[in-house]
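Encoded as structure tokens, the structure appears first; notes follow it.
The values are calculated or read from the model by the stated rules, or taken from the named source; none is laboratory data. The model shown is predicted, which means the values in this text are computed figures rather than measured ones. Note that we place each Cβ from the backbone using ideal geometry, even for glycine, and neighbour counts take in every protein chain shown. In case anyone asks, the SASA skips ligands and DNA or RNA and just uses the protein heavy atoms, side chains included. Shrake-Rupley method; radii C 1.70, N 1.55, O 1.52, S 1.80 Å.
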Amino acid sequence: MSGVTLKKLNKTYSPGSKDAFHAVKGIDLEIRDKEFMVLVGPSGCGKSTTLRMIAGLEEVTGGDLYIGDTRMNDVLPKHRGIAMVFQNYALYPHMTVADNMAFGLKLRKTPKDEIKRRVDEAGEILGLTSMLGRKPKALSGGQRQRVALGRAIVRQPDVFLFDEPLSNLDAKMRVQMRAEISKLHASLDATMIYVTHDQTEAMTMGDRICVMKDGKIMQVDEPINIYQKPADMFTAGFIGLPQMNFLHGSVVEADGGLCFAGSNSQPLRIPLNERLSQIAQAHLGKPLVLGMRPEHFTRCADDDAAAISTHVEMGEPLGAESFIHLLTPAGDKLVVRLAGIVQSGIGQALYVKPNLDEAHLFEGETELRLGE
Ligand code: ATP
């Protein structure tokens, strides 16, 4: 069993000095045996620091770190049963692909024929068999990253750690390697912890995603749950592209029902459906934020009861879909995602309505999502 458990894990860089920096703030996280867990968040949120503490490359300054049932805080990296794959590959330029992969095993005095067997096997899994005799400079970026993966595979670790392994690759290669790492996870049946700031990688690769911000965990859940039921505005805004639209305002009574009124001078008024009305009941008049994903809008007629009147600020036709940036007369900005190529001139009037079955209400002050 090689789950990884973090209990009130803390990292302060340069503790006690004037440069002290609290990078990881007492996080609790249980990564299950054989799980693919993605740590995601903006630059500086502490995800690499967390991974490096698990690897033993950074000292833990508070709390406990377990791999399986063993407390690892003070165990040397080489005895933790982990292998790490870095963004910059970290290959030895003067060694062949095979020697790069074999290096760690040689240090451990693994028998030669066992090394050869494992290197050949990893080469086969990664499609590197014909390149085992080449030096890294004769490989593409994607091939180099495969060698770095191979070096991790031959160690047969209980836990693989990945620190933004695809950031140096071009977009096409990233998509390909993403699929390869996911396949690798399925075939190796190992625990994998993967750090990225790329929410597409998080959504497509993770069994679960751990969203981090400012050294803290905001939400841990399966990708679809994170997308459909974000715990707070930060997570809602971070996961999803283009990001969720947020309208600030409050819920007020109007025409015998409830409607969301934007807080700008000529407020938008959006009549609420039953679900959102129920959620808003206890928060009437208080600052709230209505969150609507770009794909949950449709074009509508100007006399539709739910129509939002807007003008086009910019259109981004992508082929299969178009992102249209809109501005309401009150100055609220919206981005909507419409199917197909939508021709829209700047300044053109456009009426859209949100699908409120998919919308969220957040508390203005705490930024937490209300309701189930
Ligand atoms: P990125 O995606 O940019 O790598 P990250 O979420 O992985 O970001 P970390 O590298 O874990 O973030 O860094 C977290 C915070 O700790 C940052 O503010 C960073 O400046 C700080 N930090 C990292 N390493 C050190 C160090 N050796 N000394 C002092 N502060 C550090």
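The conditions of being under 17 Å from the mean Cα position of the chain (by Cα) and open to solvent by 20 Å² or more (accessible area, probe 1.4 Å) are met by GLY44.
When the stretch 50-76 is filtered for residues that are within 13 Å of the ligand (Cβ to nearest atom) and in contact (Cβ under 8 Å) with a residue 60 or more places away in the chain, the ones remaining, listed by number, are THR50, LEU51, ARG52, ILE54, ALA55. For the stretch 329-342, the tally of residues that are closer than 27 Å to LYS229 by Cα and either buried (at least 16 other Cβ atoms within 10 Å of the Cβ) or hydrophobic (A, V, I, L, M, F, W, C) (or both) stands at 7. Give the residues of the stretch 21-35 that are among the hydrophobic types (A, V, I, L, M, F, W, C) and either crowded, with 23+ Cβ neighbours inside 10 Å or under 12 Å from THR5 (Cβ atoms) (or both), sorted by residue number. VAL24, ILE27, LEU29, ILE31 - these are the residues of the stretch 21-35 that are among the hydrophobic types (A, V, I, L, M, F, W, C) and either crowded, with 23+ Cβ neighbours inside 10 Å or under 12 Å from THR5 (Cβ atoms) (or both). Report yes if some residue within the stretch 139-162 is more than 25 Å from GLU30 (Cβ to Cβ), polar (S, T, N, Q) and open to solvent by less than 30 Å² (accessible area, probe 1.4 Å); otherwise report no. Within the stretch 139-162, one or more residues are more than 25 Å from GLU30 (Cβ to Cβ), polar (S, T, N, Q) and open to solvent by less than 30 Å² (accessible area, probe 1.4 Å). Against the numbered list (1) in contact with a Lys or Arg (Cβ under 6 Å, 6 or more places away or on another chain); (2) at positive phi, GLU321 comes up short only at (2). Residues in the stretch 316-330 that are small (Gly, Ala, Ser) and not in a strand (DSSP E or B) were compared, and the one that is modelled with the highest pLDDT is ALA320. Would the stretch 129-139 turn up any residue that is in contact (Cβ under 8 Å) with a residue 40 or more places away in the chain, of a type outside the set (Asp, Glu) and touching a strand residue (DSSP E or B) at 6+ places or on another chain (Cβ under 7 Å)? Within the stretch 129-139, none of the residues are in contact (Cβ under 8 Å) with a residue 40 or more places away in the chain, of a type outside the set (Asp, Glu) and touching a strand residue (DSSP E or B) at 6+ places or on another chain (Cβ under 7 Å). Does VAL24 count as within 16 Å of the ligand (Cβ to nearest atom) and not acidic (Asp, Glu)? In short, yes.
Would you be able to tell me the number of residues in the stretch 14-42 that are over 30 Å from LYS183 (Cβ atoms) and touching a residue at least 12 places away in the same chain (Cβ under 8 Å)? Adding up the residues that qualify gives 7. Being under 34 Å from the mean Cα position of the chain (by Cα), in a helix (DSSP H, G or I) and of a type outside the set (Ser, Thr, Tyr) is the filter here; which residues of the stretch 105-130 pass it? Within the stretch 105-130, LEU105, ARG118, VAL119, ASP120, GLU121, ALA122, GLY123, GLU124, ILE125 qualify. In this structure, does VAL38 turn out to be open to solvent by less than 40 Å² (accessible area, probe 1.4 Å), within 20 Å of the chain's Cα centre (by Cα) and closer than 19 Å to PHE160 by Cβ? In short, yes. Within the stretch 3-20, is there a residue that is within 11 Å of the ligand (Cβ to nearest atom) and of a type in the set (D, E, K, R)? Yes: one or more hits.
Taking the listed residues LEU105, LEU91, the one that is touching an Asp or Glu at 6+ places or on another chain (Cβ under 8 Å), away from the ligand (no atom under 16 Å from the Cβ) and closer than 21 Å to LEU132 by Cα is LEU105, with no other qualifying.
The set of residues in the stretch 343-359 being hydroxyl-bearing (Ser, Thr, Tyr) and open to solvent by less than 40 Å² (accessible area, probe 1.4 Å) consists of SER344 alone.
Condition (residue is open to solvent by less than 20 Å² (accessible area, probe 1.4 Å) and free of Cβ contacts under 8 Å to residues at least 40 places away in the same chain) applied to the stretch 290-307: is it met by at least one residue? Checked the stretch 290-307: no residue is open to solvent by less than 20 Å² (accessible area, probe 1.4 Å) and free of Cβ contacts under 8 Å to residues at least 40 places away in the same chain. Is it fair to say ALA186 is in a helix (DSSP H, G or I) and within 13 Å of the ligand (Cβ to nearest atom)? Here the answer is no, as ALA186 does not meet what is asked.
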